[in-house]
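See below for the structure under consideration.
Rule-based calculations on the coordinates, nothing more; no lab input. As the structure is a prediction and not an experimental result, all values here were calculated from the model. Neighbour counts are summed over all protein chains in view; Cβ atoms, including those assigned to glycine, are modelled from backbone coordinates with ideal geometry.
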Amino acid sequence: MSRTIDLDVAPVRARRRRRSIVDWYRSGGLTAVLFAVPVVLIFLYFSWGPVVRGVLMSVEKTNLIGPALWVGLNNFTYVLTDPGLPQAALNTAYYALLGLVFGFPVPILIAVFVNELRRYGWMYNLLAYLPAVVPPVAGILLWKFFYDPSSGGIFNGILGWFGLGPLPWLNSEAMAMPSLVLYTTWAGAGATAIIYLAAIGGISPELYEAAEIDGAGIWSRLWHVTIPQLRNVIFIMMLLQLIGTFQLFTEPFLFTGGGPNNATQTIMLKIYNYAFVNGDYGAATALSVLLALFLCVLSVVYHFITKRWSPS
Amino acid sequence: MSAAGPSIVIAPAELSAIEPVVGRRRRPREAKERGAISAADRKRPIVMVSMWIIQVAMFVGLLVAGLGPIAWSARASVSSSQDIISDPMGIWTAPPRWGNIEQAWNGALIGSSLGNTVIVALGSTVTTLFVSATAAYLLSVLRPRWSALLSGAILATLFLPGVISLVPLYLTILHMPVLNVSLLNTFWGVWLPAGASAFNVIVLKRFFDSIPRELIEAARIDGASAMRVFTTVVIPLSRPILGVVTLLTIIASWKDYLWPMLVLAAPSLQPVSVTLANLPNGSMPFAVQMAAVFLTIIIPVALFVVFQRQFLRGVSSAGGLKG
């Protein structure tokens, strides 16, 4: 817009404002606002609002009827001194660790293998993906029955054919968490394998040819070409899995309800119990804020560690 | 990209897989390129034998793990409770009892809750598509001066774990600020929050960014309004990515359990995941519970088997967007 060096300022300003509103309208300003309405309303109500409200509620005491009272860090001290917290935190970390060690490599192995198939690859894909389309609640009810600890249970029956077992599965403190990991690996491996398979398909064949000419065998080609080429995908999937496992809820809730003897009590279950069993929304949001902070710190630290390992 | 959280990077392979369909002929399917094992390797006896062994072992393993539980649940759905509990591996030869299915469908309300699941999934999809497509169009094509602020605010939510807003989101549904209504026990309580997905907004914005600007300019010069460009140029060109977003939303709402359990407390509104989880607390015989499990499994499995090609392509491209 051109600058005017006019002395009687007022009418110019009025004219300019009128023109700028017309300009704004002509350049699509109103349309832009109309297009912004749905996203702004939905995010205000269901995303930005709840996040702000969650942080506010973590320092308040409320019973939803009277006005909320500012209680400072009381909710945090209450949550942090809860005698059940260390166990829940350790369980959650244990679950995440088991998932990383035993569950994480499975989809990579499936994807590497399926990629080498020249025929029938789709059949392996189909079979590996089937558990991922089973709704989690149905899968859990089914597996809960499979995990029957008596020697007549399905898994124990199968182990019995090989002269093993019977194992107590969900009934023992030591085996409950590994049993949950076994289920989540079954339920999730196929879906993750598809993502790795797409990434493996993007690896240039020249790399394998060069490695082969240099005398690398099949295993060293997989180890020195495939895995390094997948590094970025592996890093991101690992972080996503960590974030997912730290927010684990449905599996312990439906399989064990946190038992036996709190062996599968997780942070998310504690949040649920604070809020929807005890009605203590302050404590629930305080623990949510702590978990969210932890996950943010984890993501940042993870980002810097993996960045150091990356070539560029 | 920002430091925290999953970054949205589209891998080159995926970019070529999903692109605007601008009068471009589909590329001929390339012959499958080599992997780590070369053609020469495949002729060596030891490689042939070990590949064969691994192939058979993997096939048997995947068959047992992938199909086994589904097949067992299919057979259990038509067996008697007595047979299932006393000898779960022996039910294959037990006399079939077809009444279980009917009893699960009507008596255990699986039929009507499957209907609720469909309502939830469709409504969530409509909200998600509407909100994220209009937002992406705003941020990618209209680009008002304040769009950077808006896109920053949307992007920021991507890096906050969902757990932080679970409880306050529930309280928001219980009593909507300003509007003073409660969405508890209404489908809106599930539909509307589904639209607040930063991931979908960003995926669509990236896609809209790749639409040639000449097409949009040409339409504008021909006198099309911004709304008309949206409905007649951008949306038709974006069918592939809208399909992917639809697929992901339907899968997510089909699987969701915690949120519908909290919001849809009335049994007549509950989707099948919630109804199913409550069955063991009820008085239904065990065989009917198993029939209910089977009914819940078989619909997504059948849809997946029929549309597996489109399904796997959509999911893997979504993975490329996520990874």
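Arrange A:M175, A:M123 by Cβ neighbour counts within 10 Å, fewest through most, would you?
Ranking A:M175, A:M123 by Cβ neighbours within 10 Å, fewest first, gives A:M123, A:M175.
From the alpha carbon gyration tensor of the range A:208-263, can you work out the equivalent ellipsoid semi-axes (sqrt of 5 times each eigenvalue) and give them in Å, largest to smallest?
Three semi-axes, in Å: 42, 13, 7.
Once label points are set 7 Å from the Cα along Cα→Cβ at both B:W188 and B:V49, what is their separation, rounded to one decimal in nm?
According to this spin-label approximation, the distance is 7.1 nm.
Please build a GNM for chain A, connecting alpha carbons under 10 Å apart, and tell me which residue among A:P83, A:P38, A:P149 fluctuates the most.
Comparing A:P83, A:P38, A:P149 in a Gaussian network model of chain A, the most mobile one is A:P38.
What are the ³J(HN,Hα) values, in whole Hz, obtained from phi via the Karplus relation 6.51 cos²θ - 1.76 cosθ + 1.60 with θ = phi - 60°, for each residue of the range B:184-189 in sequence order, with x given for Gly and Pro?
The phi angles translate into 4, 6, 10, 5, 4, x Hz.
Measure up A:K307/B:K255; A:K144/B:K255; A:K144/A:K270 against 27 Å on the Cα-Cα distance and list the ones that go over.
Violating the 27 Å limit, Cα to Cα: A:K307/B:K255.
How much length, in nm to one decimal, is gained on full extension between A:A68 and A:K307, taken as 0.36 nm per residue of separation minus their Cα-Cα distance?
81.6 nm
Return the calculated 222 nm mean residue ellipticity for chain A, to the nearest 500 deg cm²/dmol, obtained by summing -39500 (n - 2.57) across DSSP H runs with n ≥ 4 and dividing by the residue count.
It lands at -21000 deg cm²/dmol.
Please report, in cubic angstrom per residue, the volume enclosed by the convex hull of the alpha-carbon atoms of chain B.
Here the figure is 206 Å³ per residue.
Can you give me the Kirkwood hydrodynamic radius for the range B:125-220, using every pair of distinct Cα atoms, in Å to one decimal?
15.1
How much of the calculated P(r) for the range B:148-203 lies past 14 Å, in percent of all Cα pairs?
Beyond 14 Å sits 61 percent of the P(r) for the range B:148-203.
Taking each pair of distinct Cα atoms in the range B:132-173 once, what is the resulting Kirkwood hydrodynamic radius in Å?
Hydrodynamic radius (Kirkwood, Cα pairs) of the range B:132-173 is 11.9 Å.
Between the range A:181-218 and the range A:16-60, what is the separation of their alpha carbon centroids in Å?
44
Could you put A:D214, B:D256, A:D280 in order, starting from the residue whose Cβ has the fewest other Cβ atoms within 10 Å?
A:D214, A:D280, B:D256
Does a label point 7 Å from the Cα of A:H224, set along Cα-to-beta-carbon, have any residues of the range A:270-312 with amide nitrogen under 20 Å, and which are they?
Zone members listed by number: A:310-312.
Show that you can apply the helix-only estimate: for chain B, add -39,500 (n - 2.57) for every DSSP H stretch of four or more residues, divide by all residues, and state [θ] at 222 nm to the nearest 500.
That comes out to -18000 deg cm²/dmol.
Relative to the first principal axis of the alpha-carbon coordinates of chain A, what is the inclination of helix A:231-246, with its axis defined by its Cα atoms, in degrees from 0 to 90 and to the nearest 10?
In chain A, helix A:231-246 runs at an angle near 90 degrees to the longest axis.
Stick to Cα atoms and the Kirkwood definition of Rh, then tell me Rg/Rh for the protein assembly as shown.
That ratio equals 1.00.
Using only the Cα atoms of the range A:77-309, what semi-axes does the equivalent ellipsoid have when each is the square root of 5 times a gyration tensor eigenvalue? Give whole Å, largest first.
36, 25, 14
Calculate the FRET efficiency for B:S86 and A:R119 from the Cβ-Cβ distance with a Förster distance of 35 Å, rounded to the nearest 0.05.
For R0 = 35 Å, the calculated efficiency reads 0.25.
Would you please give the residues with an amide H less than 5 Å from that of A:E60, counting only those at least 5 places away or on a separate chain, with H modeled from the backbone geometry?
Those qualifying (amide H under 5 Å, at least 5 residues apart or on another chain) are A:V71.
Would you mind checking the tilt of helix A:105-116 against the longest principal axis of the Cα atoms of chain A, expressed as 0 to 90 degrees and rounded to 10?
Taking the Cα atoms of chain A, the angle to A:105-116 is about 80 degrees.
Could you tell me how many degrees, from 0 to 90 and to the nearest 10, lie between the Cα long axis of helix A:9-26 and the main elongation axis, the longest principal axis, of the Cα atoms of chain A?
40
Going 7 Å from the Cα of B:A156 toward and past its Cβ, which residues in the range A:51-69 have a backbone nitrogen under 17 Å from where you end up?
Under 17 Å, as judged by backbone N against the label point of B:A156, lie A:51-57 of the range A:51-69.
On a full-extension model of 0.36 nm per residue, what is the gain between B:N106 and B:R239, subtracting their alpha-carbon distance, rounded to one decimal in nm?
Roughly 44.1 nm would be gained on extension.
In a solvent-free Debye calculation with one equal scatterer on each Cα, what is log10 I(q)/I(0) for the range B:152-306 at q = 0.16, 0.17, 0.21 Å⁻¹, listed in the order of the q values?
Values, matching the q order: -1.08, -1.13, -1.30.
What is the sum of charges around B:V141, taking Lys and Arg as +1, Asp and Glu as -1, for the other residues whose C-beta is under 15 Å from the C-beta of B:V141?
After counting each charged neighbour, the total is +4.
How would A:I218, A:I21 line up from fewest to most surrounding beta-carbon atoms within 10 angstrom?
The most exposed by this proxy come first: A:I21, A:I218.
What percent do you get for the relative contact order of the range B:111-271 when only Cα pairs under 8 Å and 6+ apart count?
Computed value for the range B:111-271: 43 percent relative contact order.
Return the whole-Å distance between the Cα centroid of the range B:267-283 and the Cα centroid of the range A:104-148.
For the range B:267-283 versus the range A:104-148, the Cα centre distance is 26 Å.
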